[in-house]
Structure formats: structure tokens, C-alpha cells
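Engineer: Below you will find the structure I want to go over with you.
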Amino acid sequence: MRRILAALATAALATGVAGATDKTDVMAVVHQYTDDFNKGGTQSSLALCADQAIIIDDFPPYEWSGSGACAKWLSDFHAFTPQIQLTDLVVTLGKARHVYVTADRAYVVVPATVTAKEQGKPVHETGATWTFALQKGPSGWRIACWAFASGIGAVKTDAGH
């Protein structure tokens, strides 16, 4: 009986450690993607996306999906921001509200703050949410889907506060 209990305890511990490791690995991908985005979007950020990704964002055409969706979104983003004179954009992530990992799938919801310059004036938006769905494959965790939602009652100021 003691051997069975010891085996069960060991299995439970191993499962908990594996789950914690998966959550850490998932969040590492989310943070790396955000860091790369803050640097202007790079090939390394595109490598973190699944080829058949889905993206929902707050500028036209609002949805990108299918092969190369992350690259197409990045291209469209770089084409859109000069139109509205948006520069120096930085997204800062807060503490994740949800990090769920089930087998090879993960779901992450994280609050975000956006700072930038719009037409040369500082803007600061709080209350945004960035939601990710990831899938684990042979090359590790990849972003299968993400959606960025501006916060209701977002704060935008021209005084930088």
C-alpha cells in the first residue's frame, strides 16, 4: 500500500512540475513575442507564430488568418502606423490573468498597457487585453491565435500620464 501511495505522490508531483514548466514555457513565448514586437517586429517574432495563425486586431482589415498570417499582419501594421502618425509604440504586459495548459494547447489572457506617440504627442492606454492561444509541436510552443482588445475606458493623454 505504501508503494502505491508513494508512486501516486511521485506521479502527482511530476505532473505538477510538468504543468508548471509548460506554463513557464508558454509565457516565455508570449513575452518573447511582445519583446520582438516592441523592437519593430522581427523574423524571430514571426518564428513564434504557427504558419496557420489567426490574428484579430483593432485596425483594418481587423482579421488575418491562414498561411503567413503573422507576416501579413506585421506588414499591414507597418503600413498602417505611418498613416495615423503612430510611432514609438511599446506594449507592456501585466501579470497574466489566465494561463491554462491542457496537453499540447495553451490559453493566455494578459493585461497590457500601450505607450506611443500619435502625431508627435504622447499617448498612454491602459486596460487593454492581449489573448493568446498556443499549440505545442515538434519545435516547441507556437502562437496559433492572438487577439488584442483596447480597454473600455482606456486612458489616452497628451501629457504622458
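Any read-out appearing in this document is the output of simple, stated calculations on the displayed coordinates, not a laboratory observation. All values reported here derive from a predicted model rather than from experimental measurement. For neighbour counting, all protein chains shown are included, and Cβ atoms are generated from backbone atoms with ideal geometry for every residue, glycine included.
Engineer: Starting from the Cα of LYS23, draw a straight line to each of the lysines and keep only those under 24 Å, dropping any in the same chain fewer than 8 residues away.
Structural biologist: Within the straight-line limit of under 24 Å, LYS23 reaches these lysines: LYS95, LYS136.
Engineer: Give the shape of segment 100-139 as rounded, prolate or oblate, defined through the alpha-carbon gyration tensor: a ≥ b ≥ c are the square roots of its eigenvalues, a/c under 1.5 means rounded, and otherwise the shape is prolate if a/b is larger than b/c and oblate if not.
Structural biologist: Details: a/c = 7.29, a/b = 2.80, b/c = 2.60.
Cα axes put segment 100-139 in the prolate bin.
Engineer: Also: Could you order peptides 35-44, 101-110 by the average number of other Cβ atoms within 10 Å of their residues, highest first?
Structural biologist: Descending mean neighbour count gives 101-110, 35-44.
Engineer: Right, something else. How about LYS121: which lysines have a C-alpha closer than 16 Å to its C-alpha, ignoring those fewer than 8 places off in the same chain?
Structural biologist: LYS156
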